[in-house]
1. Between Arg73 and Arg164, what is the label-to-label distance in nm when each label sits 7 Å out along the Cα-to-Cβ direction?
2. Sorting check: for 43-50, 249-256, which peptide has the highest mean count of neighbouring beta carbons within 10 Å, and how do the rest follow?
3. Using the Cα centre of the stretch 102-149 as origin and beta-carbon charges of +1 (Lys, Arg) and -1 (Asp, Glu), tell me which of Ala109, Val131, Ser143 is placed farthest towards the positive end of the dipole.
4. Relative contact order for the chain: what percent, with Cα pairs under 8 Å and sequence separation of 6 or more?
5. Taking Rh as the Kirkwood radius, which is the inverse of the mean 1/r over Cα pairs, what is the Rg/Rh value for the stretch 136-185?
6. Report the FRET efficiency, 1/(1 + (r/R0)^6), for Ala204 and Val45, where r is their Cβ-Cβ distance and R0 is 51 Å, rounded to 0.05.
7. What full-extension length gain, to one decimal in nm, is calculated for His136 and Ala274 as 0.36 nm per residue of separation minus the Cα-Cα distance?
8. In a shell of Cβ-Cβ distance under 11 Å around Arg32, excluding Arg32 itself, what net charge do Lys and Arg (+1) and Asp and Glu (-1) give?
Amino acid sequence: MRDKTRIAIAAGDPAGIGPEVSLKAALDPAVRNACNPIVVGDANVLERHAAACAIAAELCVIARAADADWSNRRVNVLGCAQPDLAAPQNETSIALAGIAFDGYPSFVARATGADESDVYLMLCFDDVKIVHATLHRSMRQASEMITRDNIARVIAATDRALKRLGTAAPKLAVGGLNPHAGEGGLFGREEIEVIKPAIEAAVAQGIAVTGPFGADTMFHRRGVDAFIVMLHDQGHIAAKLMARNAVAALTIGSPILFSSVAHGSAHDIAGKGAADPRAMIEAVLRLSKANQRLGLQPAPA
């Protein structure tokens, strides 16, 4: 088992369901078959969550990844590492601590020295991929970020990511900002003046991209490898309705492989054993598959 890729799973908000879904994912047979998982977090917190949620696992606290014991039903717990995958954090809690955090993509960009403008979130489930031009911003801020440059960047980042992940000739569809993609200018001109010109420029560069389409109907289109949306809710509402609790969130455009989940920390059910780990399992499996495709080792554990 030692020749498998090690994937570190950061346990997320200690008061949320992150520790629970991290432990459940680390014990999942499909995950253990695909990689050697290491849960990163406070051992006492993980022990309390395991006991409260009746998770049958022996925690093996290690100082470094090389000391891990991969025997059955043991979960390797590392006190500190650069995670490859992370359970949900609570943005309000982090803000109260005085730390700037508006989601994992921008955090990963800052942590790796990448340009935040080139790093985006891609939601993945089944064969569907949804990339967000903006993420955790107010509607006013998000609208201001809908520029030709930003749309060009997200189209290019999506095309590069899909090619690296094995899609030789990606087909992309871009959604509009306004209802009905502006209805020919009746409901706003961003589609005409900003989004469409960015799409045309990408086509001129050889990228197979079409749009803009109304965000409420775009996901019915066939033969699309990735949909690009303008706003957080345009993508997240669709994903959470189509794949409830089973959506992986991949950061694209960063120099490391990094994934997370599309749900929150769910404080209301923390410690009750009721958290569904499917999204975390999906995130681990997609990260492992991406690593195999790229022939890279994820960020060191």
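1. 4.0 nm
2. 249-256, 43-50
3. Ranked along the dipole, the leading option is Ser143.
4. That works out to 26 percent.
5. For the stretch 136-185, the value is 1.06.
6. Working: r = 52 Å, r/R0 = 1.02.
That pair, Ala204 with Val45, gives E of 0.45.
7. Here the answer is 47.0 nm.
8. Values: positive: Lys4, Arg73, Arg74; negative: Asp28.
With Lys, Arg at +1 and Asp, Glu at -1, the net is +2.
Bear in mind that the values in this text are calculations on the coordinates, not laboratory data. Model, not experiment: these values are computed from the prediction. Neighbour counts are summed over all protein chains in view; Cβ atoms, including those assigned to glycine, are modelled from backbone coordinates with ideal geometry.
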